[in-house]
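K.L.:
Pasting in a structure now, in structure tokens, and then I'll have a few things to ask.
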């Protein structure tokens, strides 16, 4: 089972020359988590796509294309949280607690330091 990624439309991930584009390491991890959970049967892809489209639509309605920072993978991760919390796989409190724990880690904690 492979995630049928959109190539056009609001749920389509950023691409450059047909290849997926990630600006930060966490973005590729969030992408990989969603795909892996889908492939493991945790949720259907249409359910995830609908949650992603909803997240993007809400952001667009609230920001009306002003200068607010846009990050596709923030919406991707939020949609994943919505799907998992919505079906009871994980509670919103667990997501918040884990996010706070990760936020307390020092910058660069997961990147090797050159010698």
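K.L.:
Anything in region 14-29 that is free of Cβ contacts under 8 Å to residues at least 60 places away in the same chain and not in a loop (DSSP other than H, G, I, E, B)? List them, or say none. So that I can check it myself, show each step before the final result.
P.N.:
Narrowing region 14-29 to residues free of Cβ contacts under 8 Å to residues at least 60 places away in the same chain: 14-24, 26-29.
Of everything in region 14-29, those that are free of Cβ contacts under 8 Å to residues at least 60 places away in the same chain and not in a loop (DSSP other than H, G, I, E, B) turn out to be 15, 16, 19, 20, 26, 27, 28, 29.
K.L.:
How many of the residues making up region 52-80 are crowded, with 19+ Cβ neighbours inside 10 Å and over 15 Å from residue 12 (Cβ atoms)?
P.N.:
Number of matching residues: 3.
K.L.:
Looking at region 30-53, can you tell me whether even one residue there is part of a helix (DSSP H, G or I), touching a helix residue (DSSP H, G or I) at 6+ places or on another chain (Cβ under 8 Å) and more than 17 Å from residue 3 (Cβ to Cβ)?
P.N.:
No: region 30-53 contains no residue that is part of a helix (DSSP H, G or I), touching a helix residue (DSSP H, G or I) at 6+ places or on another chain (Cβ under 8 Å) and more than 17 Å from residue 3 (Cβ to Cβ).
K.L.:
Would you call residue 35 farther than 25 Å from residue 90 by Cβ and at pLDDT 90 or above?
P.N.:
Values: farther than 25 Å from residue 90 by Cβ: no; at pLDDT 90 or above: yes.
So residue 35 does not fit the description; no.
The values are calculated or read from the model by the stated rules, or taken from the named source; none is laboratory data. As the structure is a computational prediction, the values presented were derived from the model and not from experiment. With ideal geometry, Cβ positions are generated from the backbone for all residues, glycine too; neighbour counts draw on all protein chains shown.
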